[in-house]
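Following: one structure in structure tokens, then a few remarks.
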Amino acid sequence: MIRRFALVLLIIAIALLLASCGKKTPTLNLLVWEGYADPSFVRGFEEQYHCKVSASYMGSSDELVAKLRGGSAGNYDVISPSSDVATMIASAGLAAPLDLSKISSYARLSPQLTSLPLVRMNSQVYGVPFMWGPNPLIYDAMAFRHAPESWNVLWDAKYRGKISVWDDLSTVYMAAQLLGYDKPDRGQLYKPK
């Protein structure tokens, strides 16, 4: 009788242990820029939504794309691409379209941002632009009498060979916009000449 009782207790204990293992805290996996998942505001989110936020970081748009193309796109629930790669990520199938009915605050975002074509494709929305960011221009005050007022200074012949830029896709994107190539024929992109 005692042996049978002990066996029943053991079975119940194992069942409870297995049941508790099945109730894991849901995790929201992010691939974002450093600082976008600061513990000071992530903690409140985790408490409110009873989940765990796990952030991975990228140092450049190139790194983001490499991680997604390397097969880890399905590992992330939220990514934070810059505008220089947002359209390419959506068109390459590296992100899923959003169900805007589940994003109650979407309608309150600035129409100047939500109407941008960067994250829209085939009548679907692939991202939520929510802010503009800076593209700083750092210059040597000894080389310029007056602060440059535009990125166009990069094409001034008197500075040829004296300018350096960040080696990143976002720099190429910014330069292309300045030169008027921000509305290319998508059918011609990535085609060999």
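The values are calculated or read from the model by the stated rules, or taken from the named source; none is laboratory data. Note that the coordinates shown come from a computational prediction; the quantities given were computed from them, not determined experimentally. Backbone-built Cβ (ideal geometry, glycine too); neighbour counts: all protein chains shown.
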Residue check: is TYR126 at pLDDT 85 or above, farther than 22 Å from ILE89 by Cβ and surrounded by 14 or more Cβ atoms within 10 Å (Cβ to Cβ)? no
If you scan segment 89-119, which residues turn out to be touching a helix residue (DSSP H, G or I) at 6+ places or on another chain (Cβ under 6 Å) and without any contact (Cβ under 8 Å) to a residue 24 or more places away in the chain? TYR106
Tell me yes or no: at least one residue of segment 134-151 is surrounded by 10 or more Cβ atoms within 10 Å (Cβ to Cβ), outside the structural domain of ALA73 (by TED's automatic domain parsing) and either touching a strand residue (DSSP E or B) at 6+ places or on another chain (Cβ under 6 Å) or not in a loop (DSSP other than H, G, I, E, B) (or both). yes
Out of (1) modelled with pLDDT of 85 or more; (2) not assigned by TED's automatic domain parsing to the domain that holds SER60, the odd one out for ALA175 is which? (1)
